[in-house]
């Protein structure tokens with residue numbers, strides 16, 4: 001199955017292990033990923049606040065690039081997914097802006113393609129690969145592994161994109177964990193916010209919020225957190241030291257990216273999935 | 001007969017030593033609302049229960065509370081078989097389910113949420129078209145019920161971040177997005193509102209009973225004004241724009257250094273750990289790879305530069 005692949009900035013910088021594990025996992029799932037190498041940043045929360053037209057143009061350019069390949073677009077970051085979905089919605093609702101952005105892209109030799117399907121890796125796993133095929137591919141069921149799902153905001157809110165009247169209803173990661181043979185645990189942070197989007201300026205909010213969730217997952221018996229978003233991963237993993245200081249406890253809970261959890265079930269080795277790159281050592285007793 | 005089990009938060013700070021939950025069993029009647037359950041408890045089981053409502057038809061915003069951890073209007077949501085009913089968070093408690101709206105009203109005074117004209121009133125009929133009011137219309141749907149304020153995670157730590165919360169910002173947006181208003185609302189949003197502390201989690205939007213697009217329709221337009229009026233408070237956003245324009249993508253190490261300056265180096269132990277675990281690679285920040293799309297990205301910046309719309 002061929003997909004255009006938008007790797008985003010994180011998987012090429014602070015979460016190199018996400019890009020590396022995806023490169024290992026995708027072929028085993030039968031996914032032929034065509035990376036959009038000249039795609040830009042989607043603007044995170046900053047560009048969309050500062051300059052909406054620029055935000056729309058950057059994202060429309062990415063959709064044009066995927067459209068030129070005539071392929072669905074796979075993402076691996078919640079915020080990038082939402083930015084692309086928001087762009088498609090905004091341009092569908094505003095013909096004046098759509099035409100203006102279309103003209104600018106035209107000068108770059110690109111054509112805006114609103115019909116491009118935008119699929120996060122989590123949805124690709126459940127909807128394109130499917131539970132049946134995934135079960136066939138598992139060579140090492142992760143039985144006994146207790147995972148705590150951390151969805152991150154931008155894959156479950158706002159409602160007009162994702163359909164949850166109450167985001168706590170989300171269960172895709174738990175469904176996936178079940179397919180992979182793990183046990184999902186319930187805790188207070190499943191659908192909460194990691195606070196990433198103010199953390200470059202100050203990690204105070206992120207550490208305060210995420211610390212509570214990591215502690216809760218740990219107290220509820222999780223062996224690892226798993227998240228579909230590299231931004232959440234950065235907070236949950238890299239800031240655990242500060243969380244421990246603030247909570248006067250010793251948090252030491254590994255945090256897996258989604259393709260790493262899948263990769264383990266597909267029989268890949270921790271080294272293939274670059275688990276050693278995490279700030280919190282990943283020791284799950286799986287070789 | 002079906003029974004609704006309501007576990008209600010009870011606490012009178014003037015009398016009680018600690019909060020407690022009291023469970024009431026209420027006979028279910030078709031189309032029963034949360035408010036009907038509270039009315040039954042008040043009329044039949046516990047006359048002293050404290051709760052507040054006025055209009056009963058989703059207009060006044062007085063009856064907001066939390067049911068099973070979720071903010072809602074008691075007058076507008078169906079009763080559930082099992083309910084834990086609690087007061088709103090992030091506002092002082094008066095008693096049981098009644099909260100003190102005083103601090104919110106003080107915030108509005110501080111934000112000066114009334115129309116401030118820089119030009120004299122043109123007289124009647126005032127030339128004002130629907131289209132000009134479109135940006136403010138969503139904000140004008142606000143009931144000031146404070147559900148969003150309660151749902152905001154940034155306010156969890158006793159509000160010590162400087163963020164005023166979504167509810168006062170919606171009220172500010174009613175005037176900031178009104179074409180007749182002439183006050184510098186962007187500066188107010190940045191300085192008094194601490195708007196750059198919003199983490200864009202959409203939890204406020206999720207609970208808004210009038211479905212105001214709080215993030216895209218309120219916070220972001222206010223941020224846009226704040227960036228223009230108080231650029232010194234928007235170092236993070238300015239750094240982000242500069243880096244993407246220069247490189248085509250974001251380099252997190254460079255972003256933190258540019259945003260915080262030398263303050264970024266106050267935790268050397270942490271930085272060293274991230275280096276040793278290969279979580280960050282400063283070589284990439286100093287010697288960036290050439291991004292294949294950077295020329296096109298710069299072109300988009302150039303084309304859209306004037307459009308801080």
Original post:
Can you give the mean number of other chain Cβ atoms that lie within 10 Å of the Cβ atoms in peptide B:64-76?
Top reply: 1
Original post:
Under the rule of -39500 (n - 2.57) per DSSP H run of 4 or more residues, summed and divided by the residues of chain A, what mean residue ellipticity at 222 nm is obtained, to the nearest 500 deg cm²/dmol?
Top reply: -12500 deg cm²/dmol
Subject >> Theoretical ellipticity at 222 nm over chain B - DSSP helices of four or more residues, -39500 (n - 2.57) apiece, nearest 500 >> reply: -10000 deg cm²/dmol
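Taking the Cβ-Cβ separation of residue B:59 and residue B:15 as r and a Förster radius of 35 Å, what is the calculated FRET efficiency to the nearest 0.05?
Numbers: r = 33 Å, r/R0 = 0.94.
The calculated FRET efficiency here is 0.60.
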Subject >> Paramagnetic label zone (point 7 Å from Cα along Cα-to-C-beta, residue A:146; backbone N under 13 Å) in segment A:190-216 >> reply: A:216
Original post:
Suppose R0 equals 22 Å; then what is the FRET efficiency for residue B:266 and residue A:250 from their Cβ-Cβ distance, rounded to the nearest 0.05?
Top reply: 0.50
Original post:
What spacing in nm lies between the two simple spin-label points modelled at residue A:111 and residue A:2, each 7 Å away from Cα in the Cβ direction?
Top reply: 1.7
Subject >> Shielding by other protein chains, A:100-113, mean Cβ within 10 Å >> reply: 2
**OP:** Count the DSSP beta bridges whose two residues both fall in the protein assembly as shown, then state the antiparallel fraction as a percent rounded to the nearest 5.
**Re:** 45
Original post:
To the nearest 0.05, what FRET efficiency results for residue B:44 and residue B:108 with a Förster distance of 30 Å applied to their C-beta separation?
Top reply: 0.20
Original post:
Percent antiparallel among DSSP beta bridges with both residues in segment A:125-283, to the nearest 5?
Top reply: 0
**OP:** Percent of Cα-Cα pairs per 10 Å bin, from 0 to the last occupied bin, for the protein assembly as shown, please list those.
**Re:** 3, 16, 25, 26, 19, 9, 2, 0
Original post:
Separation between the residue A:269 and residue A:168 pseudo-spin-labels, each 7 Å from Cα along Cα→Cβ, expressed in nm?
Top reply: 4.4
Original post:
With each label point set 7 Å from Cα along the Cα-Cβ vector, what nm distance links residue B:5 and residue B:23?
Top reply: 0.5
Original post:
Mind checking the log10 I(q)/I(0) for chain B at q = 0.10, 0.14 Å⁻¹? Debye, one equal scatterer per Cα, no solvent, two decimals.
Top reply: -0.74, -1.09
Original post:
Rounded to two decimals, what ratio of Rg to Rh does segment A:147-287 give with C-alpha atoms and a Kirkwood Rh?
Top reply: 0.95
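Averaged across A:34-47, how many Cβ atoms of other chains sit within 10 Å of each residue's Cβ atom?
Numbers: counts 0, 0, 2, 3, 8, 7, 14, 10, 3, 4, 6, 10, 14, 8.
Across the residues of A:34-47, the mean count of other-chain Cβ atoms within 10 Å is 6.
A short reminder: the numbers here are calculations on the coordinates, not readings from a lab. The structure presented is a predicted model; accordingly, all values stated were derived computationally and were not measured. No Cβ is skipped: glycine too gets one built from the backbone with ideal geometry, and neighbour counts run over all protein chains shown.
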